[in-house]
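Everything below concerns the one structure shown next.
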Amino acid sequence: MEDLHQHRKSYEKAELTEDQIRENPIEQFRDWYLDAEENPLVVEANAMAISTVEADGCPRTRMVLLKAYNENGFIFYTNYDSRKGQAIETTHKACLHFFWPSLERQIIVKANLEKIAPNLSDGYFHSRPRGSQIGALVSPQSQEIPNREFLENRLHELEKELEGQEIPRPENWGGYLAKPYEIEFWQGRPNRLHDRIIYNLENELDWNIKRLAP
């Protein structure tokens, strides 16, 4: 067994106090996201983990990219037939997690999910690089495939077949809107006495703000 007990870091870069926070968590997210986006040590500020619960009751987590956010929530895109898509269709819920180590910050979002309008998915799909568009057609996401050559051969076939043509968005590929009902902001602090501020949605309109013990 490799002993990792001595791996320690003191978090001392910032604080999160009640007089600093916004009344609306989306505005608070925007402030922190802009800090992350402007920080040269953050490689992909919009990278987030998304956890869904599968049929066996076990959560499954993977990294995806946040592509938009507004007052209604957070938008990302995926194959609707993927494992995450199937889990979302069953529970209509997911947990999003942003972690920016260089800022000693993380955000945890519990949300209800719904598909965005097809025309919005169309717009984003056709804004992607052509290779990414074809890739969405090539990959039967989360399904078993025989080998890597299966993907490469299918890619070459579709490149020839669709040469000079607009690539159609697959019906099973598109966006989800994650509408938050709970958002926690975590700021690392010395002595493991971290700041944790949590927003809970009440009456589908008002946010109740509380501090949690670290």
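The values are calculated or read from the model by the stated rules, or taken from the named source; none is laboratory data. Quick caveat, the model's predicted, so the values are computed rather than measured. Cβ: placed from backbone, ideal geometry, glycine included. Neighbour counts: every protein chain shown. Surface accessibility is based on the protein's heavy atoms, side chains included, excluding ligands, DNA and RNA. Shrake-Rupley method; radii C 1.70, N 1.55, O 1.52, S 1.80 Å.
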Checklist outcome for this item: Within the range 132-146, the residues that are touching a residue at least 40 places away in the same chain (Cβ under 8 Å) and under 19 Å from the mean Cα position of the chain (by Cα) are Ala136, Gln141, Ser142
Checklist entry - So, in the range 115-150, of the ones that are over 30 Å from Phe98 (Cβ atoms) and modelled with pLDDT of 90 or more, which residue ends up most open to solvent (accessible area, probe 1.4 Å)? => result Arg148
Item to check | Where a residue in the range 23-42 is under 19 Å from Tyr181 (Cβ atoms) and open to solvent by 80 Å² or more (accessible area, probe 1.4 Å) and its partner, wherever it lies, is among the β-branched types (Val, Ile, Thr) and part of a helix (DSSP H, G or I), with Cβ under 7 Å and at least six apart | outcome: none
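Answer with yes or no whether Asn112 is at pLDDT 95 or above, of a type in the set (S, T, N, Q), closer than 30 Å to Glu182 by Cα and assigned to a helix (DSSP H, G or I). Walk me through it before giving the result.
Details: at pLDDT 95 or above: yes; of a type in the set (S, T, N, Q): yes; closer than 30 Å to Glu182 by Cα: yes; assigned to a helix (DSSP H, G or I): no.
Spelling it out, it is not the case that Asn112 is at pLDDT 95 or above, of a type in the set (S, T, N, Q), closer than 30 Å to Glu182 by Cα and assigned to a helix (DSSP H, G or I).
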Item to check | Of all residues in the range 43-99 being closer than 23 Å to Ala117 by Cα and among the β-branched types (Val, Ile, Thr), the one that is surrounded by the most Cβ atoms within 10 Å (Cβ to Cβ) | outcome: Ile50
